[in-house]
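Q: Would you mind keeping the following structure in view while I ask a few things?
What follows is calculated from the coordinates using simple rules that are stated; it is not laboratory data. Fair warning: this is a prediction, and the values are worked out from it, not measured in the lab. Cβ coordinates were reconstructed from backbone atoms using ideal geometry, including for glycine residues, and neighbour counts include every protein chain displayed.
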């Protein structure tokens, strides 16, 4: 059997005894608490199940994508692409598991559509009217 020796008098005591039988000194009979090792660098915890939210960058990218569709073209479409891509990268890296990646991808593609339509409109305008009519 593993006997516990008293730190004060050195007397031998049976395991799981809270006090020394010779002098009454409290004995530490419990093993130390388990402390898990720290996570490695760059580790991100698994996504927490719960409601997904739309990130602020994605909200701005949606608004800028709508503006790119209807009036502003590349002035808002390029900025919207960068904002949506920023949220998509955060989600992919695991730094923002609460964000909804569907909305971020939708905003990204909305801005691409706005830019493509702008380029098609410019090509159609210059192709129909030609450069010589101005």
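Q: For the Cα atoms of the chain, what angle does the longest principal axis make with the long axis of helix 74-93, in degrees from 0 to 90, nearest 10?
A: Around 20 degrees separate the two axes.
Q: Pairing the Cα long axis of helix 101-129 with the longest principal axis of the chain, what angle in degrees results, from 0 to 90 and rounded to the nearest 10?
A: 20
Q: In a Gaussian network model over the chain where Cα atoms closer than 10 Å are linked, find which of 56, 16, 111 has the largest mean-square fluctuation.
A: 16
Q: Springs between alpha-carbon pairs under 10 angstrom, Gaussian network model over the chain: which of 46, 67, 12 fluctuates most?
A: 12
Q: In the Gaussian network model of the chain, springs joining C-alpha atoms below 10 Å, which of 21, 73, 63 carries the largest mean-square fluctuation?
A: 21
Q: For volume of the Cα convex hull per residue in Å³, which listed value, (i) 88; (ii) 175; (iii) 136, comes from the coordinates shown?
A: Working out volume of the Cα convex hull per residue in Å³ from the coordinates points to (ii).
Q: Which whole-number percent gives the relative contact order of region 56-133, counting Cα pairs below 8 Å spaced six or more residues apart?
A: 38
Q: Tell me the label-point distance for the pair residue 109, residue 3, using the 7 Å Cα-to-Cβ offset, in nm and rounded to one decimal.
A: 7.7
Q: Also, quick follow-up: Note the direction-averaged projected area, equal to a quarter of the hull surface, for the Cα convex hull of region 56-133, in nm².
A: Working: hull surface 20.9 nm².
Average of the hull's projected areas for region 56-133 equals 5.2 nm².
Q: Testing the spin-label approximation: label points 7 Å from Cα along Cα→Cβ at residue 16 and residue 43. State their distance in nm.
A: 3.3
Q: Any chance you could give the angle, 0 to 90 degrees and rounded to 10, that helix 56-67 forms with the longest Cα principal axis of the chain?
A: 10
Q: Would you calculate a helix-derived [θ] at 222 nm for the chain, using -39,500 (n - 2.57) for each DSSP H run of n ≥ 4 and dividing by the full residue count, to the nearest 500? Kindly include the intermediate steps, with their values, before the conclusion.
A: Values: 3 runs with 61 residues, N = 134.
It lands at -15500 deg cm²/dmol.
Q: Using a basic spin-label model with each label point 7 Å from the Cα along Cα→Cβ, how many nm lie between residue 122 and residue 93?
A: Roughly 3.1 nm, to one decimal.
Q: If contacts are Cα pairs under 8 angstrom and at least 6 residues apart, what is the relative contact order of the chain in percent?
A: Numbers: 158 pairs, mean separation 27.2, N = 134.
Relative contact order, the chain: 20 percent.
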